[in-house]
Amino acid sequence: MKKFLELIKNFYNWLNTDGLLHISFTSMIITFSFLLIRWWSVGLAVLVGIAKEVYDILVKKSDPKLSIHDLICDCIGIIMTVILLLVGYAG
């Protein structure tokens, strides 16, 4: 149990506030656009996530390693939302 709690703590520290924002925004993009463009909303969320990171690297001159973290968090938000949508339509 102690190792499990340590694993959760490490994941939370890795995720941080910025990661939670990425998960939240990709989830909101899919959720709000799903009724209009169905599964294209997943592509829209991916496109917005990549465009934001390209902007950060080229304009803000941010560290590309941070961009990998942000893209992973975008993917977590996308996968989580798609699973919830599939469960919602199956039920």
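The values are calculated or read from the model by the stated rules, or taken from the named source; none is laboratory data. A quick note: this is a predicted structure, and the numbers were derived from the prediction, not measured. Here Cβ is always computed from backbone atoms with ideal geometry, including for glycine, and neighbour counts include all displayed protein chains. SASA here: full protein model, heavy atoms, side chains in, ligands and nucleic acids out. Shrake-Rupley method; radii C 1.70, N 1.55, O 1.52, S 1.80 Å.
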Report the relative contact order of the chain, percent, no decimals, based on alpha-carbon pairs under 8 angstrom and at least 6 residues apart. 38
In Å³ per residue, the alpha-carbon convex hull of the chain encloses 99
Residue separation between LEU21 and ALA51 times 0.36 nm, minus their alpha-carbon distance, gives in nm 9.2 nm
To the nearest 10 square angstrom, what accessible area does LYS61 show with a 1.4 Å probe? 150
Let me spell out the model: positive unit charges on the Cβ of Lys and Arg, negative unit charges on the Cβ of Asp and Glu, origin at the Cα centre of the range 19-91. What dipole size does that give, in debye rounded to 20? 80
Hey, what do the phi angles of the range 45-59 turn into as Karplus ³J(HN,Hα) couplings, whole Hz, using 6.51/-1.76/1.60 and θ = phi - 60°, x for Gly and Pro? 5, 5, 4, 5, x, 5, 4, 5, 6, 4, 4, 4, 6, 7, 8
Cubic angstrom per residue, convex hull over Cα atoms of the range 1-41: 81
Once ligands and nucleic acids are excluded and a 1.4 Å probe is used, how much of THR81 is accessible, expressed in Å² to the nearest 10? 10
Let me cross-check PHE11: its accessible surface, 1.4 Å probe, with only protein heavy atoms counted, in Å² to the nearest 10? 100
Cross-link reach list, lysines versus LYS52, counting only Cα pairs under 16 Å and skipping chain neighbours closer than eight places: LYS60, LYS61, LYS65
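Sort VAL87, VAL82 from largest to smallest accessible area, using a 1.4 Å probe on the heavy atoms of the protein chains. The partial results should precede the final answer.
Details: VAL87 95, VAL82 30 Å².
Ranking VAL87, VAL82 by accessible area, largest first, yields VAL87, VAL82.
Where does each of GLU6, GLU53 land when they are ordered by accessible area, with a 1.4 Å probe and the largest first?
Output order, biggest surface exposure first: GLU6, GLU53.
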Near SER24, within a Cβ-to-Cβ distance under 14 Å, what is the net charge of the other residues, with Lys and Arg +1 and Asp and Glu -1? -2
